């Protein structure tokens, strides 16, 4: 047996060097192949949707999930001394856990009321999406509802068992971030939203980020972000879905054996120009920036049934571009605008569709100038369209994780590296030279994976007919695509968990 264990350790080392995720097993107990251990005891063992289902001769059912810190016996949680791990397709379990489980008494029917939902990926997140859509709609940046949502996030994290020392509320004012947007379109838009009956802007113009830190074995960190503010809607997709994913994942990870330190950041004031993410990054010390190995952004996870993950590093020219390139971009974007005017019937309708009808734009030429040269507080199209996405060792590891999940489940995670250029929170980290992972649902498959197509997401309809509309609410999305939200959140929950349990190099 010792020779087998030694061989296993060698295989583990080799696979880690090949950038394949391997979970380090702690404790002195020798691991056994799980299938053999239980089949030798007369049980039936099957893989079902990434779960290892063990049916005992007496009818008891054990469920094991690789890397999880608990198993379930007839839907009741039982702690694992050592998480299940997989090497070369074989699942292993510690000898101590085998002995414990084979001697465990059956759970009576009266004790089986513990909800399986708590241990099923995505269902906790689905509940959070429904709650935010119903009880915390209209989370406009710098509004009291945005603040209420921030307090709710903190309360939920405390209820999960996190200590107050792990949670930080990072406030910032409009004056702290207004220099990002010299044209002031952001505040004009916020002011416009503030006229709605459901929205009251805060007099002091304050927003906030909520930061939760789960220490790891290393100070090297993974930033996991999602913005919680919204347009004037319930914001179920944009972006209660991302917030819900982070909250469920944090609940799962608080007792995990994560190698990297995990920093969850719930960003405020994203809709006006990624202001929360910008303020957070600017606040980091040089050593904190140096420690970032990956930035994950979850935004719009239930826009549609196609499960996009975009993992890459960006290479681009920076903000200084040659005049002939800008001229070519202007021509291309102007042609695109003209075609949409013809399709929609008027320039005014196009501005309404793009949520830019309150910005005082009077001509297509003005719109082109804003789109190409900037003014949103985000990188302009003239820059983003020229960025190239390149794979990295970290993105290769993420691809391996996604391939494994696809092979074990009934969903299809689609690797689309050019999606990292979509101007949402991860773009700031991309342009600082980090590998990023962007998670989103797509309503339709893009015809190409060109950078321009991913930038013009609204015009191409990739993110659904309810993005930034009154239809962005839980009931509408569920009625239109029954079960899609649950499926997407389950898939992204599994993916994010496996990513955060991986050691990146």
**Request:** Select from the stretch 252-264 the residues that are modelled with pLDDT under 95 and not in a loop (DSSP other than H, G, I, E, B) and write down the one among them that is surrounded by the most Cβ atoms within 10 Å (Cβ to Cβ).
**Result:** 252
**Complete:** Just one listed residue, out of 476, 505, is farther than 22 Å from residue 414 by Cα, modelled with pLDDT of 95 or more and either surrounded by fewer than 23 Cβ atoms within 10 Å (Cβ to Cβ) or over 15 Å from the mean Cα position of the chain (by Cα) (or both), and it is 476
**Residue tally, condition part of a helix (DSSP H, G or I), over 19 Å from residue 246 (Cβ atoms) and touching a residue at least 24 places away in the same chain (Cβ under 8 Å), over the stretch 478-505** = 1
**Item:** Residue among 441, 419 that alone is in contact (Cβ under 8 Å) with a residue 24 or more places away in the chain, under 26 Å from residue 275 (Cα atoms), in a helix (DSSP H, G or I) and within 14 Å of the chain's Cα centre (by Cα)
**Value:** 419
**Candidates 302, 243, filtered to the one that is in a loop (DSSP other than H, G, I, E, B) and within 12 Å of the chain's Cα centre (by Cα)** = 302
**Request:** Might you check whether a residue that is in contact (Cβ under 8 Å) with a residue 12 or more places away in the chain and under 18 Å from residue 296 (Cα atoms) occurs anywhere in the stretch 195-210?
**Result:** yes
**Request:** Go through the stretch 206-218 residue by residue and tally those that are over 19 Å from the mean Cα position of the chain (by Cα) and either crowded, with 17+ Cβ neighbours inside 10 Å or closer than 21 Å to residue 243 by Cβ (or both).
**Result:** 4
**Prompt:** Among the residues of the stretch 118-128, is there at least one that is at pLDDT below 85, within 28 Å of residue 60 (Cα to Cα) and out of contact with any helix residue (DSSP H, G or I) (no Cβ under 8 Å at 6 or more places or on another chain)?
**Reply:** yes
**Request:** Please go through the stretch 265-295 and pick out each residue that is part of a helix (DSSP H, G or I), touching a strand residue (DSSP E or B) at 6+ places or on another chain (Cβ under 8 Å) and at pLDDT below 95.
**Result:** 275
**Asked** For residues in the stretch 357-374 being in contact with a helix residue (DSSP H, G or I) (Cβ under 7 Å, 6 or more places away or on another chain) and either assigned by TED's automatic domain parsing to the domain that holds residue 469 or within 21 Å of residue 467 (Cβ to Cβ) (or both), which is modelled with the highest pLDDT?
**Response** 361
**Item:** All positions within the stretch 125-144 that are buried (at least 24 other Cβ atoms within 10 Å of the Cβ) and part of a loop (DSSP other than H, G, I, E, B)
**Value:** 139, 140, 141, 142
**Complete:** For the stretch 89-115 the number of residues that are modelled with pLDDT of 70 or more and part of a loop (DSSP other than H, G, I, E, B) is 1
**Residues located in the stretch 79-100, provided they are touching a strand residue (DSSP E or B) at 6+ places or on another chain (Cβ under 6 Å), surrounded by fewer than 16 Cβ atoms within 10 Å (Cβ to Cβ) and either closer than 18 Å to residue 121 by Cβ or without any contact (Cβ under 8 Å) to a residue 40 or more places away in the chain (or both)** = 79
**Message:** Looking at 311, 298, can you tell me which residue is at pLDDT 80 or above, within 20 Å of residue 467 (Cα to Cα) and touching a helix residue (DSSP H, G or I) at 6+ places or on another chain (Cβ under 6 Å)?
**Reply:** 298
**Prompt:** So is residue 352 surrounded by fewer than 15 Cβ atoms within 10 Å (Cβ to Cβ), in a helix (DSSP H, G or I), outside the structural domain of residue 193 (by TED's automatic domain parsing) and modelled with pLDDT of 75 or more or not?
**Reply:** yes
**Which listed residue is surrounded by fewer than 16 Cβ atoms within 10 Å (Cβ to Cβ), under 30 Å from residue 392 (Cβ atoms), at pLDDT below 85 and outside the structural domain of residue 244 (by TED's automatic domain parsing), from 65, 24** = 24
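The values are calculated or read from the model by the stated rules, or taken from the named source; none is laboratory data. It should be emphasised that the depicted structure is a prediction, and the values quoted were computed from it without experimental measurement. Note: ideal-geometry Cβ built from the backbone for every residue, glycine included; neighbour counts use all protein chains shown.
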